[in-house]
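A short worksheet on the structure shown next.
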Amino acid sequence: MSFVRIATEEAFATAELFDCYRHIIEKKSVDDPGFYSLWGHYLTHSGSRAIDIRRKLLDLGEERLRDMDSCGIARQIISLTAPGVQILDAATGASIATQANDQLAEAVARHPDRFTGLAAMAPQDPGRAASEIERAVSSLGFRGVILNSHTHGEYFDNQKFWEIFEAVEQLDVPIYLHPNTPSARLIGPMLDRGLDGAIYGFGVETGLHLLRIIVSGVFDRFPELRIIVGHLGEALPFWLFRLDFMHAAMVKAGRHAGVKPLKKRPSDYLRENVWITTSGMAWEPAIMFVRSVIGADHVMYAMDYPYQFVPAEVKVTDDLPISAAEKKAFYQSNAESVFALGMG
Ligand code: MN
């Protein structure tokens with residue numbers, strides 16, 4: 001085999017984080033219907049899927065390595081599962097993030113050839129989040145940051161969060177913009193039809209978040225910023241033409257105070273500043289389309305372990321109609337480059 005498979009959106013949890021989630025569920029202390037829908041299920045359900053996911057999230061050892069071996073995954077890029085600490089209050093969030101980063105760093109130290117860490121942080125306190133990112137990258141050797149979409153309904157186009165962009169641009173590491181359930185303002189019509197989660201709501205929430213970041217001018221202010229999104233770009237690649245056309249039309253018409261001229265077209269930022277992974281989207285026509293409109297050097301593999309642990313799906317990406325060199329880029333080199341992994 002002329003490449004190794006690197007899976008780039010793989011999740012873990014800590015027992016302390018689960019305790020915090022259980023406490024919120026018990027007290028109903030946060031206004032976030034999506035959180036109760038998602039974690040009310042996974043933390044309490046007695047079906048085998050929920051039980052397996054709870055156990056696999058907490059494992060950073062033998063079971064995870066066995067599962068990786070069973071489908072030929074050489075390395076996981078591991079991050080704290082959504083919504084991470086972003087559902088917590090600022091002080092608890094920061095403390096649980098630090099503890100989670102330390103636990104993940106210990107696992108990476110035990111298996112440096114199999115695991116790479118992304119830093120958890122609590123955007124509720126942007127200054128402290130920036131410091132934790134600095135510590136996680138400089139001291140723990142983490143290669144990026146996980147951002148689980150909205151934080152109590154707020155998005156990163158809000159300039160109060162921009163010192164976090166400053167920190168990652170300075171440290172030259174990417175942010176993985178991972179789904180969260182839609183914010184309280186967004187989720188209403190999804191809930192009663194069960195469309196709030198991975199089936200659709202995650203993509204709506206996360207694609208919207210990335211679009212807010214783009215149209216707010218974040219990439220003009222931070223031109224070196226790299227953002228990674230999963231699920232084949234949360235549907236945005238399909239919208240490139242219309243995004244460019246309508247954004248230009250709205251700027252020209254001066255119709256919205258929140259729509260300002262940008263240095264480039266929305267699609268340019270999606271091609272230049274954004275990397276896209278295939279998490280949960282083992283579907284050849286969609287992968288080939290995204291490669292064709294975004295560029296093969298910005299599309300890479302992810303499994304979404306343990307939520308989408310389906311070993312047979314690896315065959316779908318193994319069988320993509322692309323050259324051996326392109327397959328190596330897809331599975332290995334693009335990830336090595338964007339996370340600066342420094343391996344063969
Ligand atoms: Mn995921």
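The values are calculated or read from the model by the stated rules, or taken from the named source; none is laboratory data. No experiment lies behind these values; they were computed from the predicted model shown. Cβ sites come from the backbone with ideal geometry, for glycine too, and all protein chains shown count toward neighbours. SASA here: full protein model, heavy atoms, side chains in, ligands and nucleic acids out. Shrake-Rupley method; radii C 1.70, N 1.55, O 1.52, S 1.80 Å.
Of the residues 262, 208, 225, the single one that is closer than 22 Å to residue 289 by Cα and not acidic (Asp, Glu) is 208.
So, residue 303, is that one in contact with a strand residue (DSSP E or B) (Cβ under 6 Å, 6 or more places away or on another chain) and at pLDDT 95 or above or not? When the stated conditions are applied, residue 303 passes them.
Got at least one residue in the range 219-229 being buried (at least 18 other Cβ atoms within 10 Å of the Cβ), among the charged types (D, E, K, R), touching a helix residue (DSSP H, G or I) at 6+ places or on another chain (Cβ under 8 Å) and farther than 27 Å from residue 35 by Cα? Checked the range 219-229: at least one residue is buried (at least 18 other Cβ atoms within 10 Å of the Cβ), among the charged types (D, E, K, R), touching a helix residue (DSSP H, G or I) at 6+ places or on another chain (Cβ under 8 Å) and farther than 27 Å from residue 35 by Cα.
Suppose we keep only residues that are small (Gly, Ala, Ser) and outside any helix (DSSP H, G or I) within the range 242-261. Which one would you say is surrounded by the fewest Cβ atoms within 10 Å (Cβ to Cβ)? Even if it seems obvious, please write down each step before you answer.
Just the residues of the range 242-261 that are small (Gly, Ala, Ser), to begin with: 248-249, 253-254, 257-258.
Keeping just the survivors that are outside any helix (DSSP H, G or I) gives 254, 257-258.
Numbers: 254: 9, 257: 6, 258: 9.
Residue satisfying both the conditions and the ranking: 257.
Taken together, 6, 53, 24 contain a single residue that is over 21 Å from the mean Cα position of the chain (by Cα) and either within 16 Å of the ligand (Cβ to nearest atom) or buried (at least 16 other Cβ atoms within 10 Å of the Cβ) (or both), which is 24. Restrict the check to the range 309-320 and report whether at least one residue is surrounded by fewer than 16 Cβ atoms within 10 Å (Cβ to Cβ), within 16 Å of the ligand (Cβ to nearest atom), part of a loop (DSSP other than H, G, I, E, B) and without any contact (Cβ under 8 Å) to a residue 40 or more places away in the chain. Checked the range 309-320: at least one residue is surrounded by fewer than 16 Cβ atoms within 10 Å (Cβ to Cβ), within 16 Å of the ligand (Cβ to nearest atom), part of a loop (DSSP other than H, G, I, E, B) and without any contact (Cβ under 8 Å) to a residue 40 or more places away in the chain. Does residue 209 meet the test of being within 16 Å of the ligand (Cβ to nearest atom), more than 19 Å from residue 287 (Cα to Cα), crowded, with 18+ Cβ neighbours inside 10 Å and of a type outside the set (Lys, Arg)? Judged against the criteria, residue 209 is a match. Condition check for residue 106 on (1) within 23 Å of residue 305 (Cβ to Cβ); (2) open to solvent by less than 10 Å² (accessible area, probe 1.4 Å): one failure, at (2). When you check residue 107 against the structure, is it assigned to a helix (DSSP H, G or I) and in contact with a helix residue (DSSP H, G or I) (Cβ under 6 Å, 6 or more places away or on another chain), yes or no? Here the answer is no, as residue 107 does not meet what is asked.
Of all the numbered requirements in (1) more than 16 Å from the ligand (Cβ to nearest atom); (2) under 18 Å from residue 308 (Cβ atoms), residue 16 misses one, and that requirement is (2).
Search the range 262-289 for residues being assigned to a strand (DSSP E or B) and open to solvent by less than 10 Å² (accessible area, probe 1.4 Å), and hand back the single one that is nearest to the ligand (Cβ to nearest atom).
Initially, the range 262-289 is screened for residues assigned to a strand (DSSP E or B), giving 274-277.
This time we only want the ones that are open to solvent by less than 10 Å² (accessible area, probe 1.4 Å), so: 274, 276-277.
Details: 274: 17, 276: 14, 277: 9 Å.
Of everything passing the filter in the range 262-289, 277 is nearest to the ligand (Cβ to nearest atom).
The set of residues in the range 27-39 that are surrounded by 12 or more Cβ atoms within 10 Å (Cβ to Cβ) and within 16 Å of residue 186 (Cβ to Cβ) comprises 30, 32, 33, 34, 35, 36, 37, 38.
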